[in-house]
Amino acid sequence: QVQVVESGGGLVQPGGSLRLSCAASGRIFSSNVMGWYRQAPGKEREQVARVTSAGSTNYADSVKGRFTISRDNAKNTVYLQMNSLKPEDTAVYYCRVLFNHYLDSWGQGTQVTVSS
């Protein structure tokens, strides 16, 4: 019932920047957690960052200081600003909108490739 669409992925050189966007639509409860996850070849999906409706954030140690997550509650949109990108950041990035166990939606993913 909740649709989640990511955008902003692409190819970038090491040290470059990208900004990912995730727009949610449908039956959305304002009190939720929105997060970014990624999955690289040969690895399990991992949490990159998350932000609550109140603005509390958490980051994976591997991206702390380089990535910034933010959200616009009025637009039901979450962003991930990715700076100082490294080749190891290459992955498919997924957006998640979670209200509870029964209302948990994922986007289709957007490819981020960091390579020279």
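Which of the residues belonging to the range 43-63 are within 19 Å of ASN100 (Cβ to Cβ) and outside any strand (DSSP E or B)?
Our first condition is that a residue be within 19 Å of ASN100 (Cβ to Cβ); within the range 43-63, this holds for 47, 50-54, 56, 58.
Hits for the range 43-63 are SER53, ALA54, SER56.
Restricting to strands (runs of 3 or more DSSP E) lying wholly in the range 73-116: which have 2 or more residues that are farther than 13 Å from ALA49 by Cα and over 15 Å from the mean Cα position of the chain (by Cα)? Step through it out loud before you land on a result.
Details: elements: 77-82, 91-100, 103-106, 110-114.
Once the strands (runs of 3 or more DSSP E) in the range 73-116 are filtered for at least 2 residues that are farther than 13 Å from ALA49 by Cα and over 15 Å from the mean Cα position of the chain (by Cα), what remains is 91-100.
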Condition first: open to solvent by less than 40 Å² (accessible area, probe 1.4 Å), more than 21 Å from LYS86 (Cβ to Cβ) and not in a strand (DSSP E or B). Now tell me which residues in the range 29-42 satisfy that. ASN32
Of the residues in the range 83-93, how many are in contact with a Lys or Arg (Cβ under 7 Å, 6 or more places away or on another chain) and either modelled with pLDDT under 95 or closer than 18 Å to SER21 by Cβ (or both)? 4
Out of all the residues in the range 30-73, which are in contact (Cβ under 8 Å) with a residue 40 or more places away in the chain, of a type in the set (A, V, I, L, M, F, W, C), under 23 Å from GLN1 (Cα atoms) and touching a Ser or Thr at 6+ places or on another chain (Cβ under 9 Å)? VAL33, MET34
Among the residues of the range 43-59, is any touching a helix residue (DSSP H, G or I) at 6+ places or on another chain (Cβ under 8 Å) and open to solvent by less than 20 Å² (accessible area, probe 1.4 Å)? no
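I'd like the full set of residues that are within 16 Å of the chain's Cα centre (by Cα) and open to solvent by 40 Å² or more (accessible area, probe 1.4 Å), limited to the range 1-10. Write out each step before concluding.
Restricting attention to the range 1-10, the residues satisfying the condition of being within 16 Å of the chain's Cα centre (by Cα) are 3-10.
Scanning the range 1-10 gives GLN3, VAL5, SER7.
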Residues (open to solvent by less than 60 Å² (accessible area, probe 1.4 Å) and more than 17 Å from GLN39 (Cβ to Cβ)) located in the range 61-80: ARG66, ILE69, SER70, ARG71, ASP72, ASN76, THR77, VAL78, TYR79
Of the residues in the range 81-93, those that are touching a residue at least 60 places away in the same chain (Cβ under 8 Å) and buried (at least 21 other Cβ atoms within 10 Å of the Cβ) come to MET82, LEU85, TYR93
Of all residues being over 14 Å from the mean Cα position of the chain (by Cα), at negative phi and in a strand (DSSP E or B) in the range 11-28, which is modelled with the lowest pLDDT? Just the residue, please. SER25
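The values are calculated or read from the model by the stated rules, or taken from the named source; none is laboratory data. These numbers come from a predicted model, not from an experiment. Counting neighbours? That spans all protein chains shown, and the Cβs are built from the backbone with ideal geometry, glycine included. Ligands, DNA and RNA are excluded from the accessible area calculation, which covers all protein heavy atoms including side chains. Shrake-Rupley method; radii C 1.70, N 1.55, O 1.52, S 1.80 Å.
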